[in-house]
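These notes concern the structure reproduced below.
The values are calculated or read from the model by the stated rules, or taken from the named source; none is laboratory data. Just so we're clear, the structure is a prediction, and the values are computed from it rather than from any experiment. Because the Cβ atoms are built from the backbone with ideal geometry, glycine has one as well, and the counts that use them run over all protein chains shown.
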Amino acid sequence: MSVDFRDTIAIAAPAPVVGGIMNAVQEWPSWTASISTVERSSAGPLTVGESVVVTQPKLRPATWTVTKVDTNGFEWTSSSVPGVHNVGGHWAVDNGDGTCTAELTLSFAGPLARVVTLFYGSLIRRYIRMEAEGLRKAAEGAAAQGR
């Protein structure tokens with residue numbers, strides 16, 4: 001059994017622009033206050049198997065391993081909290097008109113998933129919303145500048 005969180009947001013920018021911003025995880029602290037630091041294990045494009053350490057306000061650092069990646073986003077997993085396995089997805093879905101919808105998901109599974117989400121559910125929802133709004137602003141700004 002898992003506990004799932006999901007947020008979607010319409011973005012007036014093409015999916016590859018949004019995907020590029022999401023895939024540049026080291027830049028996240030510049031556009032969302034829900035992320036303090038991001039440390040990648042390698043340089044260049046985000047790759048499957050890469051480890052990324054993410055620090056967020058009010059939370060312990062979490063090590064994430066990239067499991068899927070393409071030009072429109074990525075998925076990663078973490079088991080930084082004992083008894084809990086997380087899967088996070090960050091995807092831009094093309095709307096066919098030069099815009100996209102970003103889908104941000106975070107799933108918690110394992111024997112302690114319900115307990116963790118009971119205590120942190122409201123913070124998780126707030127951080128996912130902050131990330132969605134920050135992503136929209138960053139992507140629409142980049143699209144307006146022709147990036």
Scanning the stretch 29-52 residue by residue, those touching a residue at least 40 places away in the same chain (Cβ under 8 Å) and either among the charged types (D, E, K, R) or closer than 15 Å to W64 by Cβ (or both) turn out to be S34, I35
Taking L46 and the conditions (1) outside any loop (DSSP other than H, G, I, E, B); (2) within 20 Å of S30 (Cα to Cα); (3) in contact with a strand residue (DSSP E or B) (Cβ under 6 Å, 6 or more places away or on another chain); (4) not basic (K, R), which numbered condition does it fall short on, given that it satisfies the others? (1)
Select, from V69, V3, V84, V93, the only residue that is touching a Lys or Arg at 6+ places or on another chain (Cβ under 7 Å) and touching a residue at least 24 places away in the same chain (Cβ under 8 Å). V3
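Hey, any hits in the stretch 124-145 for a residue that's in a loop (DSSP other than H, G, I, E, B), at pLDDT below 95, under 27 Å from A15 (Cα atoms) and not charged (D, E, K, R)? Walk me through it before giving the result.
Kept after step one, since they are in a loop (DSSP other than H, G, I, E, B), are these residues of the stretch 124-145: 145.
In the following step, the residues that additionally are at pLDDT below 95 were identified as 145.
Next, only the ones that are under 27 Å from A15 (Cα atoms) stay: 145.
Now narrow it down to the ones that are not charged (D, E, K, R): 145.
Yes, some residue in the stretch 124-145 is in a loop (DSSP other than H, G, I, E, B), at pLDDT below 95, under 27 Å from A15 (Cα atoms) and not charged (D, E, K, R).
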Residue hits (the stretch 45-76; crowded, with 16+ Cβ neighbours inside 10 Å and at pLDDT below 95) are L59
In this structure, is A13 free of Cβ contacts under 8 Å to residues at least 60 places away in the same chain, closer than 15 Å to H90 by Cβ and of a type in the set (G, A, S)? no
